[in-house]
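Step one of this worksheet: look at the structure below.
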Amino acid sequence: MAVGIRLDEDTQNRLKKLGESRDRSPHYLMKQAVETFLEHEEAIEAEKALLKSRWEKFEITGETVSHDDIKAWGKTL
């Protein structure tokens, strides 16, 4: 899939300059930036899904962990 992106002139120049200093093409830098962004955002979505499933389990079961149990567990770390 080919995707185009419009960048203002200043951003293009900055990208070109950074690419030259790292001996990389602007295309490579943009691809890396998109991949990094996706990894970050996917991690956020995975965390949100985990929290949602935990909340749903809590709503069904009402199970919780007491503060004292958490403190005791923390001391084992």
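Details
- Divide the volume of the convex hull around the Cα atoms of the chain by the residue count and you get 202 Å³ per residue.
- In nm, spacing of pseudo-spin labels at residue 45 and residue 25 (7 Å Cα→C-beta vector): 2.8
- Length gained when the stretch residue 56-residue 70 is fully extended (0.36 nm per residue, less Cα-Cα span): 3.0 nm
- Rounded Å value of the spacing that divides the Cα centres of the stretch 28-62 and the stretch 3-20: 29
- CD proxy at 222 nm, helix term only [per DSSP H run n ≥ 4: -39500 (n - 2.57); per residue of the chain; nearest 500]: -26500 deg cm²/dmol
Readers should treat all values here as calculations from the given coordinates under stated rules, not as data from a laboratory. Computed from a predicted model, the values in this text were never measured in an experiment. So basically every Cβ, Gly included, is an ideal-geometry build from the backbone, and we count neighbours across all protein chains shown.
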